[in-house]
1. How would you classify the range 133-236 from its alpha-carbon gyration tensor, with a ≥ b ≥ c the square roots of the eigenvalues: rounded for a/c under 1.5, else prolate if a/b is greater than b/c, otherwise oblate?
2. Give the peptides 46-58, 228-240 in descending order of average Cβ contacts within 10 Å, highest first.
3. On the protein heavy atoms, probe 1.4 angstrom, tell me the percent of accessible surface of the range 1-57 carried by carbon and sulfur.
4. Which ³J(HN,Hα) values, rounded to whole Hz and listed in residue order, are derived for the range 292-300 from phi using the Karplus coefficients 6.51, -1.76 and 1.60 in 6.51 cos²θ - 1.76 cosθ + 1.60 with θ = phi - 60°, glycine and proline given as x?
5. For a Förster distance of 30 Å, can you work out the FRET efficiency between the beta-carbons of residue 109 and residue 292, rounded to the nearest 0.05?
6. Heavy atoms only, probe 1.4 Å: what % of the accessible area of the range 132-256 goes to carbon and sulfur, would you let me know?
7. Kindly write out, for the range 184-189 in residue order, the coupling ³J(HN,Hα) from the Karplus curve 6.51 cos²θ - 1.76 cosθ + 1.60 (θ = phi - 60°), rounded to whole Hz, with x marking Gly and Pro.
8. Which of rounded, prolate or oblate describes the range 233-385 when judged by the alpha-carbon gyration tensor and an a/c cut-off of 1.5?
Amino acid sequence: MEKSPPLKPLSTQEWEALIDDFQYGGARRERWTSSNYTGLSLLSLSLSTILRKDFPLNLKLNLIVFLEEYFSDSLFNPGGGENGGEDDGDSVFEAAQHALTGLVETLSFLIQAPIDGVFVTYALKEQMMVSTASVFITHIINGELLHNDYIRQLESLTELLLTVVNRPNHGQDRQTRAVACECLRELERAYPCLLSEIAGHLWGLCQSERTHAAQSYVLLLTSVIHGIVMRKANVSILNTSIPLVPFNVPQFLMSGNAGFSKEISGSSYKELRRAISFLLECAQVLNSCGMMEFMSMILPVSAALELQASLLKVQFAGLLYTYDPLLCHAFLMMYLHFLDAFNGQEGEIARRLFRISREAQHYLVFRLVALHWLLGFIGFLSNVGKRNVVLCVGLSFYPTVFDPLAMKSLKLDVLAYCSILLGNSTSPNVDGVLSQDAGSRFSALKLFEDGLVSLSAFKWLPSGCTETAVAFRTFHKFLIGASSHSDTDPSSTVILMESTIFHTLQVHIKFSFVHFIPSFLLLGNIKRRTMEEGLPSFLLLGNIKRRTMEEGLRTPQQWLFNVGQAWRATSCKLCYDT
C-alpha cells in the first residue's frame, strides 16, 4: 500500500480544533480531510503526539479517545480508509494491520515508560489500555473470530496486558493492574477460551493478590472458567507448563471445533469443581457491582456442572437481607436458577421484599424496585399453594399516610393484582377459603375499600391533581383487571356489572364524590380504553356505568357543575396512566 507523505505537526490548539471539527462533521471535517489529515497518516501523527513530552496530559487523553471513536468509521470499514472510496479488501486489511500494530507499539512504550506524574501517568497508561482493547474487540470481532492477519497483534496486546497483571501485591500500580484485568476479561468475553491455557497461572495470581485489585483478578479467573465450561474446552486449568508470557493464541481456536467436546471429562470436572470452590470463597472480596458480574457467570457454570445448589445457598443466602439493591437482585437471580433449593421459603422471601418497601429511610427507587420484584415473584409462582402463601403477605400492602404518591400507586397495583389472583383462586389457605364470595377478611371488596383510604384526599383536591389520577387509575384496575379482554366473551362484562366492587364504587360516586369528582371522568377513562384497545364489551360497560351514575344527577345545577368539571379534567388528560 502506498504511503502518504508525513503530515505537518499540529499545536495544542490545532489538535483541539481538529477533534472538535471531526466530531461536528460536515464542512468542518472536510477542511481537514482535504489536507490528508485522515486514515493512517492521521493515526501515525496522533500516536507520535501521544508519546511527546511537550503536550499536556489532558490533550493526550482526549486524543486517545478520539482515535478510538474516529477509526471505527474511517479506517476499518471498506471504502473508509485513507484511499477514500477504494473498496479493496486487501487494502483494508493492510491498513488495519498497520493501525493495530501502531496502537500496540504505542501501548508497549507507555507501559514501559517510568511514571513522572506530569507527562506519563497511570491514568494515561490505563486509558491507552482501555482504548486499544476496545479497538480490538469492536472492529475485529465483527468479522472472523480470529483473522489470521490479526493474530500477531492480538497476541502482542494480550502479552502486554499479562505483563502488567503479573505483578501481584504491588500497591502503587494496583489500579492499573485492575484495569489490565478488566481489559483481559473483555478480550476473553469477545474471544471465549482465549486465556484457557493459562488459567493455572491466573489462579495463582488470584491466590497471591491481597490489594483491592483482587476483585478484578477473581472476575478474570471466573470469566476464563465460564468460557471453558460453556464451550467445553479440553484444557487443564491446573496445568502451568505453558508460560504466561510470551503469549500464544490456543491452537484449537484456529482449528475449528477440534479443541471442544460434547461433555467435560472426569478429570477436568474435578479441577473445575476445585476452582469453583475457590471462587466461592473469594466472593467476600467483591463489592456489589462485582457480585452482580460474578453471579451472572457462576450461576450458569454451576448449572452446567450440576453442582449442589446448597453450596451457593449457604454462601449467598444472606444477600437478600442486605440493603443493597444489586445484592438483592443477585439473590433473586440465584433463586430463579435453583428453585428446588428454596422450596418452602417463598413466604420468607416475600416478607423480606415487603419489609424493604416499608423502610422509609431507604431511597425511594429501592423501595419501588422491591415492589416490582414482589409483583414478578408472585406471578412467577405457578403452584397455587405457594402463591396463596405469598398472597397473604401481599394482601397487607396497604399504603400508609406518609408514603410518597408513587409508592401509594404501586402498592395499590399490588393490591389490585392480588385481588385478581384472589378472585381466580379456588384452593384454600391456612386460614380458610381464599375467595371473594366466602366473605373472608381478604376479600377483594375489602382490599378495594381499605386501599382507597390512603387516597381519600382526592375527594377534596382539585380535579387536575395527580392524586385524583391515581385514584381513578386504581378504580380501573380493580374494576376490569380480572375481566376477559376478549370481545367474543360478553359474559365477563355482565359478571363485572353485578360484582360487589362495581356496586360499591357506584354508591361512593353517587353519594360521596358527586360534589367533587365528576362522574364523567370514569366514563371518559373507560371509553378511551375502549377506543384504544378495541373492546366492545368495555364500551357496553361504559354506557351502563353512565346511565347508573346519572340517576343521581337530575338537577340542572348538578348537571352543569359536573359537565364543567369533566371538561377541565379532559383538557388535563387526567385519566391517563401514570
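1. Values: a/c = 2.15, a/b = 1.41, b/c = 1.52.
Since a/c reaches 1.5 but b/c is at least a/b, the shape of the range 133-236 is classed as oblate.
2. On the way: 46-58: 14.5, 228-240: 18.2.
For the peptides 46-58, 228-240, the packing ranking is 228-240, 46-58.
3. On the way: 1700 of 3350 Å².
Using a 1.4 Å probe with all protein chains present, the range 1-57 comes out at 51 percent carbon and sulfur.
4. Per residue, the Karplus-derived 3J(HN,Hα) values read 4, 4, 5, 5, 5, 9, 6, 5, x Hz.
5. Details: r = 36 Å, r/R0 = 1.20.
My answer for the efficiency is 0.25.
6. On the way: 2290 of 4780 Å².
Exposed carbon and sulfur together represent 48 percent of the surface.
7. Taking θ as phi minus 60°, the curve returns 5, 5, 5, 5, 5, 5 Hz for the range 184-189.
8. On the way: a/c = 2.73, a/b = 2.07, b/c = 1.32.
Because a/c hits 1.5 or more and a/b exceeds b/c, the range 233-385 counts as prolate.
The values are calculated or read from the model by the stated rules, or taken from the named source; none is laboratory data. The structure presented is a predicted model; accordingly, all values stated were derived computationally and were not measured. Note: ideal-geometry Cβ built from the backbone for every residue, glycine included; neighbour counts use all protein chains shown. Accessible surface areas use protein heavy atoms only, side chains included; no ligands, DNA or RNA. Shrake-Rupley method; radii C 1.70, N 1.55, O 1.52, S 1.80 Å.
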